[in-house]
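Trainee: Input: one structure, supplied below.
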Amino acid sequence: MYRDLREFIALVDKLGVLRRIIGADPKFEIGGITEVAAGLPECPALLFDDIKGHRRGFRIFTNATTNVQRAALALGLDPALRPLDALKAWMEKRKDLRPQPPVTVTAAAFVENSLTGADVNVALLPAPVWHRHDGGPFIGSGSLAVMRDPDTGWINASIYRVQVHGPNKVTVQFDHGGRHGAIIARKYWDRGESCPLAVVHGEDPALFVAGFEYLPSGCSEYEFAGAIKGTPIEIFAGPQTGLPIPAYAEIVFEGRLLPMSEMSLPEGPFGEFTGYYAAAARPGPVMEVTAIHHRNDPILLGSPPLKPPRFHFGLPFRAATIWSNLEAAGVSDIAGVWQHVSQLMTVVALRQRYDGHAKRAALVAAAHSYMARIVVVVDDDVDPSNLADVMWAVATRCEPAEGIDIVRNAWSSALDPRIPPSDKERGVATHSKAIVDACRPFSWIDKFPPTSALSADEAREIGVKWGKFLT
């Protein structure tokens, strides 16, 4: 499996899906190219070089894991698997994951070049303005913030966005006070101290996956990433902070996160995964960067939120969680679960065994579908990962007057663009969910017209035997 981001890029290139872009402008253009490419059927990964205003060799890699093929590759799965099969394979692999404690090494690639003191200048590195109305350049759209809990010594390495404000100042956005990074920072600030911080801007995909997983407090992202790769993550003590940093990271900032009472800067706005701006600029905590380390010809990992259906990862992890929740609740015969529109629509496929089976599955799925306004249940002859197949079922099996129910006051978020501003100001973060039963009516399922299409197994057999002639 890949050792670092560079080896992953080489594997992507070997698959023939890497495109090299020369001479793009970091202001709007890199973000625009990334978005257009993410919307193409083949969805190539992009490696930008000779970036306008920056030295050749200072590169940006985007669309790293935005489709199923590269998401599977990142997880150590067969990249040729069909979408639902890849999700099943990840669920099986995750059941058997064994944490791999990181190992400390005496040398690190990221200290090939170091800038400290007056030489620190974040502007030497390309930081895109990803979306047209963003509040400025964001060097961190897929970056790890590495912090140590002062009470327990636990290391947290989660993904938070990082906006550039000056030669040695960036802001780190924690979203809300319940995030682990915010909790750790607050512990230092309550003691009247700054929080030691290292930000990794070019980690390998396993660390990227671990960084956006909702791991419980006290669990190690490094151990989780090592479990994905089947080998320990090599770490090296940051020269200034002593924080454990992945040895093969591309770019690292070291410094301290200042108490909000001492300094804050306007952070955002920033385009969100919903395809909208959720909030205007607001005060953000400031990191004073005291050192920049980078490899020769460093690569920034860029993962900006994009308008759906484009998403930063090609396999819907939360769909896998919902699938597990359905099985844990005793809902039998689940054939698959998927999420579309960047997790804003959940689809459950099942083999109906009794009247009310589909509705039971829908209600459990709705209870666990964060921000999803639409929950659809389909029969097991429908591929839930194929939106066209799902809509075929909706259009031919759902009688709207009978098959659509509304659940009110359901789980949403302040990121929800449809919640009125006046409600958000009052702290309202709920919405309604439409449950769409697109299954054949159970009471006369045996009389429902048979389909003319291949079954999923038949289509899979055709693909295995003849697929090489069709691509």
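The values are calculated or read from the model by the stated rules, or taken from the named source; none is laboratory data. Owing to the predicted nature of the structure, the values given are computational and were not obtained by experimental measurement. FYI the Cβ positions are ideal-geometry reconstructions off the backbone, even for glycines, and counts take in every protein chain you see.
Trainee: I'm checking my understanding of the structure. Among residues of segment 16-43 that are touching a strand residue (DSSP E or B) at 6+ places or on another chain (Cβ under 9 Å), aliphatic (A, V, I, L, M) and in a loop (DSSP other than H, G, I, E, B), which one is nearest to Arg55 (Cα to Cα)?
Mentor: Ala24
Trainee: In addition: Being surrounded by fewer than 24 Cβ atoms within 10 Å (Cβ to Cβ), part of a loop (DSSP other than H, G, I, E, B) and of a type in the set (Phe, Trp, Tyr), is that true of even one residue in segment 144-157?
Mentor: Scanning segment 144-157, I find at least one residue that is surrounded by fewer than 24 Cβ atoms within 10 Å (Cβ to Cβ), part of a loop (DSSP other than H, G, I, E, B) and of a type in the set (Phe, Trp, Tyr), so the answer is yes.
Matching residues to (1) out of contact with any Leu (no Cβ under 8 Å at 6 or more places or on another chain); (2) crowded, with 17+ Cβ neighbours inside 10 Å; (3) closer than 28 Å to Met371 by Cβ; (4) modelled with pLDDT under 95:
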{"position": "Phe236", "(1), (2), (3), (4)": "yes, yes, no, no"}
{"position": "Leu243", "(1), (2), (3), (4)": "no, yes, no, no"}
{"position": "Leu257", "(1), (2), (3), (4)": "no, yes, no, no"}
{"position": "Pro266", "(1), (2), (3), (4)": "yes, no, yes, no"}
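Trainee: Looking only at residues in segment 384-404 that are polar (S, T, N, Q) and not in a helix (DSSP H, G or I), which one is surrounded by the fewest Cβ atoms within 10 Å (Cβ to Cβ)?
Mentor: Only one residue tops the list, namely Asn386.
Trainee: Another question about this same structure. Taking segment 403-431, which residues are of a type in the set (A, V, I, L, M, F, W, C), closer than 21 Å to Phe174 by Cα and free of Cβ contacts under 8 Å to residues at least 60 places away in the same chain?
Mentor: Residues satisfying the conditions are Trp411, Val428, Ala429.
Trainee: Suppose we filter segment 270-312 for residues that are assigned to a loop (DSSP other than H, G, I, E, B) and more than 30 Å from Ala74 (Cα to Cα); how many remain?
Mentor: Summing the residues that are assigned to a loop (DSSP other than H, G, I, E, B) and more than 30 Å from Ala74 (Cα to Cα) in segment 270-312 gives 3.
Trainee: With Ala123, Ala86, Ala107 as the choices, which residue is small (Gly, Ala, Ser), in contact (Cβ under 8 Å) with a residue 60 or more places away in the chain, assigned by TED's automatic domain parsing to the domain that holds Lys27 and in contact with a Pro (Cβ under 9 Å, 6 or more places away or on another chain)?
Mentor: Within the list Ala123, Ala86, Ala107, the selection yields Ala86.
Trainee: Specify the residue that is farthest from Ala367 (Cα to Cα); the eligible residues are those in segment 319-355 that are outside any strand (DSSP E or B) and of a type in the set (S, T, N, Q).
Mentor: The residue in question is Gln352.
Trainee: I'd like the residue in segment 405-427 that is at pLDDT 95 or above and surrounded by 15 or more Cβ atoms within 10 Å (Cβ to Cβ) and, out of all such residues, is farthest from Ala456 (Cα to Cα).
Mentor: Looking at the filtered set, the residue picked out is Val407.
Trainee: Among residues belonging to segment 423-471 that are outside any helix (DSSP H, G or I) and among the polar types (S, T, N, Q), point out the one that is farthest from Pro400 (Cα to Cα).
Mentor: If we take residues in segment 423-471 being outside any helix (DSSP H, G or I) and among the polar types (S, T, N, Q), then Thr471 is farthest from Pro400 (Cα to Cα).
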